[in-house]
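The values are calculated or read from the model by the stated rules, or taken from the named source; none is laboratory data. Only a predicted model underlies this, so the values are computations on that prediction, with no experimental measurement involved. Ideal geometry is used to build each Cβ from the backbone, glycine not excepted, and the neighbour counts take in all protein chains shown. These area figures cover heavy atoms from the full protein model, side chains too; ligands, DNA and RNA do not enter into them. Shrake-Rupley method; radii C 1.70, N 1.55, O 1.52, S 1.80 Å.
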Amino acid sequence: MPSKMKLTDLNLLKIFNSPESGDLLKNFSIQRFPKKTLIFTPFEEQNLVFIVKSGKLRVYLSFEDKEFTLSFLETGDIFSTHTRAFVQALDGTEILVCSTSAFRETLAARPEVSLTMVKVLGDLLKNSISTIEGLAFKDVRMRLVEFLIKTAEDRGLPASGGTVVELGLSTEDIALLVGTTRQTISQILNEFIKTDLIEKINRRTLLIKDLEALKELNVSF
């Protein structure tokens, strides 16, 4: 499964909007999509690059009746239509879109930005390999535990009684990311609640009471 929800820790929107970046966004146009809209498919004729301005997108593969979620794109993430993936807006979403050729010219004119893009592409590759590895070799419980651990490490906040993790995802979204059903995720989370590993604060927020125990559980699988 993906090692984290976001594809990369870099926020390209902030980088491109910084004073020292000049007019890197001049070739981008804004597009808006309502919730649950399928934005791009593997059959796109145009080669485009886009940066998420707001909202959340799901990147996934689909074959017959199966879907495999690769990751979620959040504010500042970049992606391309020149892939074999579907891209769906999970929330009301705004993206900045540019042709691949124009973006290539921008990078050629600004070598320092190219170094940033190398880091982004490296993160994309690492995330894709983690997804394939998880789906091929790990069961659902292990994939969910790894997801919780990584999310806690990436965005968890110390709190009384443990670590508060704002997932920003519904149970259905987590199921899509982990590659299983909503019912299975609910069942495993309820088991963790009963064993006092986690506490559910609301639909999208958890309190991980014992992160070290969760990590030990991951090792024991």
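Key figures for this structure:
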{"read-out": "Estimated 222 nm signal from helices in the chain, with DSSP H stretches of n ≥ 4 weighted -39500 (n - 2.57), rounded to 500", "value": "-13000 deg cm²/dmol"}
{"read-out": "Contact order normalised by residue count of the chain, Cα under 8 Å, 6+ apart, percent", "value": "22"}
{"read-out": "Along the chain, longest interval not containing exposed GluC sites (Glu not before Pro), exposed being DSSP loop plus at most 10 other Cβ atoms within 10 Å", "value": "65-221"}
{"read-out": "Order of exposure, largest accessible area first, which applies to ASP23, ASP173 with probe 1.4 Å", "value": "ASP23, ASP173"}
{"read-out": "SER62 versus VAL118: modelled label distance in nm, points set 7 Å from Cα along the beta carbon direction", "value": "3.7"}
{"read-out": "Built amide H within the under 5 Å cut-off of ASP91, gap 5+", "value": "LYS36, LYS56"}
{"read-out": "Distance between the stretch 149-221 and the stretch 81-107 - C-alpha centres, whole angstrom", "value": "31"}
{"read-out": "ILE15 accessible area, assembled protein chains, probe 1.4 Å, Å²", "value": "50"}
{"read-out": "Range in the chain, longest, excluding exposed trypsin sites (Lys or Arg not before Pro) [loop by DSSP; at most 12 other beta-carbon atoms within 10 Å]", "value": "85-202"}
